[in-house]
Amino acid sequence: MKAKILVTGATGQLGQTIKEFYASDSSYKILFASKADLDISDTAAVQNLFDQHQFEYCINCAAYTNVEQSEDRPELAFKVNAEAVKNLAGICEKNNAVLIHVSTDYVFDGENKAPYKEIDAPNPINTYGKSKLQGEQFIQSSSTKYFIVRTSWLYSSYGHNFLKTIVNKIQNNESLNITASQIGTPTSCSTLAQFIFKLIDSRTPNFGIYHFSDKGQTTWYHFALQICKSFNDYNCDSIQAINSFKSKALRPKYSILDNSKRLRVLQEQPSWEECVDKTVTQLISAPQS
Ligand SMILES: NC(=O)c1ccc[n+]([C@@H]2O[C@H](COP(=O)([O-])OP(=O)(O)OC[C@H]3O[C@@H](n4cnc5c(N)ncnc54)[C@H](OP(=O)(O)O)[C@@H]3O)[C@@H](O)[C@H]2O)c1
């Protein structure tokens, strides 16, 4: 039987990636709801949609993801990333649907010396991270069946992300100063989408928090250098490492996620370099909006 799935925030980069790979897969019946179709903070609208469709899964790709602006607009960050998630969890619980919620490495403070495990204590250092953590806590205190998938440094050929920004700047032959002061793992929306659907397909009853990233670790500077390798007519020496990072929001200086738990669900873990090369090649041959 086809799994009936709701994808919220469907025009974000993860939502669009899921659409690209799974919309026409006959194993699933997926309703893709953009923010214009469904504001997740509108409880009545969410309930209404669940009344019309008997969803078995809700993949919540909707979020307020602007880390910098969250410092100026904390009420909006908490409304979307926490309050709306609480409503979504309540409605999933009432409708016996599984909530698959995407969260972030930014729930951690970055002081660890080893990869963060699911059981490590979160301690967010910026408003975005605090709002995402509160969303997680609301889900955990509900009785809904849930998977919280924490991921890091997401990119795709859709929407706005670091990889696309660097590709644009390289194509415009700009010199770049990029911070080498934070360590994390770039993660492709494609591999994340694959993991989410593996959770669905497995019908595993092992609900809870999962850490998910591509393999390896790097800095934003080395991430940019990897992107550069796909461009023959740009001198990668024009990309300089800097140690500062001017921003209102504090960022964890180390946010590697331990993937041991998720490897029990999906064994494949391609290297972050391999995934970056693939997306850059795809972008060069067929640029997306
Ligand atoms: N991007 C990263 O580096 C990163 C890293 C770790 C975790 N994550 C998490 O991964 C998930 C997916 O991120 P992403 O990069 O795909 O984000 P994204 O591209 O910013 O997409 C988020 C989508 O949610 C929509 N949205 C905002 N408020 C909404 C509301 N009230 N109701 C319904 N939709 C709403 C946005 O619409 P508008 O654009 O029109 O506002 C956008 O289409 C998020 O939970 C994020 O916190 C992201």
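Only the coordinates and a few stated rules stand behind these numbers; no lab work does. All of these numbers come straight from a predicted model, not from anything done at the bench. With ideal geometry, Cβ positions are generated from the backbone for all residues, glycine too; neighbour counts draw on all protein chains shown.
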Q: Determine the gain in length on full extension of the stretch R203-E118; use 0.36 nm per residue of separation and subtract their C-alpha separation, reporting nm with one decimal.
A: 28.5 nm
**Q.** Under Karplus coefficients 6.51, -1.76 and 1.60, residue-wise ³J(HN,Hα) of region 98-105 in Hz, glycine/proline x
**A.** 8, 8, 10, 10, 9, 10, 9, 5
Q) Using a Gaussian network model of the chain with C-alpha springs under 10 Å, which one of N87, N206, N126 is most mobile by mean-square fluctuation? A) N206
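Mean separation of Cα pairs under 8 Å and 6+ residues apart, divided by the residue count of the chain: what relative contact order is that in percent?
Working: 558 pairs, mean separation 57.8, N = 289.
Relative contact order here is 20 percent.
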Q: Pull out a ≥ b ≥ c, the square roots of the eigenvalues of the alpha-carbon gyration tensor of region 1-137, then state rounded if a/c is under 1.5, prolate if not and a/b is larger than b/c, and oblate in the remaining case.
A: prolate
Q. Which Cys in the chain stand alone, with every other cysteine's Cβ at 4.7 Å or more from theirs?
A. C58, C61, C92, C189, C275
Q: Of the listed pairs K169/K278; K113/K145; K29/K94; K113/K261; K2/K164, which have alpha-carbon separations greater than 26 Å here?
A: K113/K145; K2/K164
**Q.** For the chain, size of Cβ-based charge dipole, Lys and Arg +1, Asp and Glu -1, in debye
**A.** 380
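Taking the Cα centre of region 66-206 as the origin, how large is its charge dipole in debye, to the nearest 20, when only Lys and Arg (+1) and Asp and Glu (-1) carry charge on their Cβ atoms?
420
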Q.
Could you tell me how far the Cα centroid of region 127-151 sits from the Cα centroid of region 219-236, in Å?
A. 35
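For a quick check of your reading of the filter: which trypsin sites (Lys or Arg not before Pro) in region 4-35 sit in a DSSP loop and have no more than 16 other Cβ atoms within 10 Å? Walk me through the intermediate numbers first.
Numbers: sites: K4, K19, K29, K35; in loops: K35.
Here the sparse-neighbourhood loop sites are K35.
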Q.
How tilted is helix 189-202 with respect to the longest principal axis of the chain? Cα atoms for both, answer in degrees (0 to 90, nearest 10).
A. 30
Q) For region 237-289, what is the largest minus smallest coordinate of the Cα atoms on each principal axis, given in angstrom and ordered from greatest to least? A) 38, 33, 25
Q | Candidates per chymotrypsin sites (Phe, Trp or Tyr not before Pro) in region 241-289, loop by DSSP, up to 15 other Cβ within 10 Å | A | F245
Q: For M1 paired with D233, estimate the spin-label separation in nm (one decimal), with each label point 7 Å from Cα along the Cα-to-Cβ line.
A: 5.7
Q: Lys and Arg at +1, Asp and Glu at -1: add these up for the other residues within a Cβ distance under 12 Å of F50 and post the number.
A: -1
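From the C-alpha coordinates alone, can you work out the Kirkwood hydrodynamic radius of the chain, in Å?
Numbers: mean 1/r = 0.0514 Å⁻¹.
Final number for the Kirkwood radius of the chain is 19.4 Å.
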Q. In the neighborhood of I5, defined by Cβ-to-Cβ distances under 13 Å, what is the net charge if each Lys or Arg adds +1 and each Asp or Glu adds -1?
A. +1
Q) Along the charge dipole of the chain, Cβ charges K/R +1 and D/E -1, which of I227, S175, Q47 sits furthest on the positive end? A) Q47
Q) Hey, what did region 95-181 get for relative contact order, percent, Cα under 8 Å, at least 6 apart? A) 34
Q: Express the Stokes-Einstein translational diffusion coefficient of region 61-167 in µm² s⁻¹, to the nearest whole number, given a Kirkwood radius over alpha-carbon pairs, 10 °C and a viscosity of 1.306 mPa s.
A: 108
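Could you tell me which GluC sites (Glu not before Pro) in region 212-289 are loop residues by DSSP with no more than 16 other beta carbons within 10 angstrom of their beta carbon?
Numbers: sites: E268, E273, E274; in loops: E268.
Sites meeting the loop and neighbour criteria: E268.
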